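**Q** Here it is: the structure, laid out below.
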Amino acid sequence: MVQSDLNTQNAELHMESQAYGADPLEDRETDLYRGEYVMSFVEKWDELIDWDARAESEGQFFIDVLRARGKESVLDVASGTGFHSVRLSEAGFRVISADGSAAMLAKAFENAQARGLILNTVQADWRWLNRDINGKYDAVICLGNSFTHLHTEQDRRRALAEFYAALKHDGILILDQRNYDAMLDHGFSTKHRYYYAGEKVKAEPEYIDEGLARFKYTFPDGAEYTLNMCPVRKNYVRRLIAEAGFQRVRTYGDFQETYAEDDPDFFIHICEKSITQPSRWGGGDADIREVAEDYYDSADADAFYSTVWGGQDLHIGCYDETRDIRVASDGTVDRMARMVPTLGPGTRILDIGAGYGGAMRRVVGQYGGTATCLNISETQNDTNRLRNKQQGFGGKIRVVHASFEDIPEPDSSYDVVWSMDAILHSAERERVLAEVYRVLKPGGYFIFTDPMQADDVTPGDPDLQPVYDRLELRDLGSMEFYRETGEELGFEIVAQEQMVHHLRTHYARVREDLIANYDTLRETGASTAYLDKMIVGLENWVKAADAGKMSWGIQLFRKPA
């Protein structure tokens, strides 16, 4: 393309002022952004962002999300003035910086040069993204509320399809948006903290309806600019993402996993292209392990457990003094911790099937020491890592994505192995206990709970089949099984406390809370089919307990010194 054609195509590089029609409130076309991001506005954009303040407010969030999933190549499709392209490049990612605005790309390149970087840039309209870029990427990021420049559903669907096509088979899309739900329903408010952190710049809507949010940006020198955007609602965007083919969508509010719907300024959607992996674990019953992994990685399960347990735990509680699920869950952790005589500042703990990691944060917080959380669900691992960082446990608790049938830790390396209601998911429970014995130091303790069948249950018991079916299990362990298997491996059996009444109470309470929070769970991503099946499944656990077919309790084993 000759230079004169480029100048015509990129008129925003030369325009003196923004271009709107006679009635700007009627300008609701996707291509309008080309006449909005004029060079004089772009030159002031970093006053609005304030790179240092924004870096401090968002921290390592995007870097941690990408690193936790092993991503290396990133396509930044809304690079703007280059903030995230530069940050990710400095963190070691291979970044391609794309934008539809030539003015924004020019400023991004200039900003990167000032920091000793050369950005690999490409001007690309999302609707024809794969025409202008080459190859496939581990991640696509579309940040800064940029997606809401698309004013028609057809353009939004087309852009998401282009993002999907630009990703590798296991790639992720990270897309954010303003909290237009709160804005439309309750009026505009802002913390002025996370995204537009410049202290002397005002960014407020001067008009909003269901089809247009017209923002005015006022700078210290009196200059004013506007942007016309489409105020898309959160759940509408989540639905479009799912319909574009993404298998799972997790939404954060101002970088937090849990939030009140009206509180965040921004929503961040983390969208996974595929959750169907090849056989990861190898050997034996890898299919059973993958059933558990895919179940706990699902949006349904994540929404359910995050809501009911607050994203901290998903184990059975002790209800002697409370009916509250969270309090009861903490009670079980405290009771188990009191039974282990060696907990202290120097203790190394391995939690197998750690879920969201709440138990280790509580134990390490109260007793000291360090912990490794081993868990098969990367969805839960992400939440665990985030909460560890937020609560000051980043250097004390390590999170590992692995199976407890093949623990990737050295022999005799832990003082305590801990597990809460997780081993039931294994079809090779003997192997789990053998691995626990291997990684324990001589004199170390193994403390665990597990939903079990009663010792006298016969194979094929009809009262237990619905329990097996809910989690695609063939059977459950029992007190007798764990005692005999532990003794064969060489464990000393210190305690086996039978506390099945807590299991019965727990599943009844969870069912009550599920029904009470049904609509909230639907809004946060759980499907009707999942919730309805869960209501029936929980009732089946209660019935099996009432029939005397279930068992549960705290078990403490010791590896001889």
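The values are calculated or read from the model by the stated rules, or taken from the named source; none is laboratory data. As the structure is a prediction and not an experimental result, all values here were calculated from the model. Cβ sites come from the backbone with ideal geometry, for glycine too, and all protein chains shown count toward neighbours. What goes into the accessible areas is simple: the full protein's heavy atoms, side chains included, and nothing from ligands, DNA or RNA. Shrake-Rupley method; radii C 1.70, N 1.55, O 1.52, S 1.80 Å.
**Q** List pairs: first in region 426-455 and farther than 21 Å from Ala337 by Cβ, second open to solvent by 30 Å² or more (accessible area, probe 1.4 Å) and of a type in the set (Ser, Thr, Tyr), Cβ under 8 Å, 6+ apart or cross-chain?
**A** Correct list of pairs: Arg438/Ser412; Pro442/Ser412.
**Q** If you don't mind, there's one more thing I want to ask. Identify, from the list Gly283, Gly245, the residue that is assigned to a loop (DSSP other than H, G, I, E, B) and either at pLDDT 85 or above or in contact with a Cys (Cβ under 7 Å, 6 or more places away or on another chain) (or both).
**A** On the way: Gly283 fails: either at pLDDT 85 or above or in contact with a Cys (Cβ under 7 Å, 6 or more places away or on another chain) (or both).
Within the list Gly283, Gly245, the selection yields Gly245.
**Q** Which residues, taken from region 32-57, are charged (D, E, K, R) and over 33 Å from the mean Cα position of the chain (by Cα)?
**A** Hits for region 32-57 are Arg34, Glu36, Glu43, Lys44.
**Q** Here's something else I'd like to know. Regarding region 336-344, can at least one residue be identified that is among the basic types (Lys, Arg), surrounded by fewer than 20 Cβ atoms within 10 Å (Cβ to Cβ) and at pLDDT 95 or above?
**A** The answer is yes, given that some residue of region 336-344 is among the basic types (Lys, Arg), surrounded by fewer than 20 Cβ atoms within 10 Å (Cβ to Cβ) and at pLDDT 95 or above.
**Q** Quick one: count up the residues across region 537-549 that are in contact (Cβ under 8 Å) with a residue 40 or more places away in the chain, open to solvent by 10 Å² or more (accessible area, probe 1.4 Å) and out of contact with any Asp or Glu (no Cβ under 6 Å at 6 or more places or on another chain).
**A** 5
Residue-wise test of (1) open to solvent by 10 Å² or more (accessible area, probe 1.4 Å); (2) part of a helix (DSSP H, G or I); (3) farther than 16 Å from Ala371 by Cβ.
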| position | (1), (2), (3) |
| --- | --- |
| Ser403 | no, no, yes |
| Glu409 | yes, no, no |
| Trp418 | no, no, no |
| Ala427 | yes, no, yes |
| Arg431 | yes, yes, yes |
| Tyr437 | yes, yes, yes |
| Lys441 | yes, no, no |
| Ile447 | no, no, no |
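**Q** Next question, about the same structure. Residues that are surrounded by 23 or more Cβ atoms within 10 Å (Cβ to Cβ) and not small (Gly, Ala, Ser): find the strands (runs of 3 or more DSSP E) completely inside region 60-137 holding 2 or more of those.
**A** Of the strands (runs of 3 or more DSSP E) lying wholly inside region 60-137, those with at least 2 residues that are surrounded by 23 or more Cβ atoms within 10 Å (Cβ to Cβ) and not small (Gly, Ala, Ser) span 73-76, 94-99.
**Q** Something else: Name every residue in region 316-345 that is touching a residue at least 60 places away in the same chain (Cβ under 8 Å) and over 23 Å from Leu514 (Cα atoms), in order of residue number.
**A** Correct list: Arg335, Met336, Met339, Val340, Pro341, Thr342, Leu343.
**Q** For region 329-348, which positions are outside any loop (DSSP other than H, G, I, E, B) and over 25 Å from the mean Cα position of the chain (by Cα)? Can you show your working first?
**A** So in region 329-348, the residues outside any loop (DSSP other than H, G, I, E, B) come out as 329-339, 348.
Within region 329-348, Gly331, Thr332, Asp334, Arg335, Met336, Ala337, Arg338, Met339, Arg348 qualify.
**Q** Specify which of the listed residues (Phe93, Phe109) is more than 31 Å from the chain's Cα centre (by Cα) and in contact (Cβ under 8 Å) with a residue 24 or more places away in the chain. Explain how you work it out, then say what you get.
**A** On the way: Phe93 fails: more than 31 Å from the chain's Cα centre (by Cα).
On inspection, the qualifying residue turns out to be Phe109.
**Q** For region 477-502, enumerate the residues that are part of a strand (DSSP E or B), over 15 Å from Ala561 (Cα atoms) and among the hydrophobic types (A, V, I, L, M, F, W, C).
**A** Ala495
**Q** Consider region 29-44. How many of its residues are of a type outside the set (Asp, Glu), in contact (Cβ under 8 Å) with a residue 40 or more places away in the chain and part of a helix (DSSP H, G or I)?
**A** 8
**Q** May I ask you to list the residues in region 41-86 that are modelled with pLDDT of 90 or more, more than 15 Å from Val140 (Cα to Cα) and among the hydroxyl-bearing types (Ser, Thr, Tyr)?
**A** Scanning region 41-86 gives a single hit, Thr81.
**Q** The conditions are (1) farther than 25 Å from Ala561 by Cα; (2) surrounded by fewer than 23 Cβ atoms within 10 Å (Cβ to Cβ), and Met452 fails exactly one of them. Which is it?
**A** Here Met452 clears every test but (2).
**Q** While we're here: Taking the condition of being in contact with a Gly (Cβ under 7 Å, 6 or more places away or on another chain) and part of a helix (DSSP H, G or I), how many residues in region 349-400 meet it?
**A** 6
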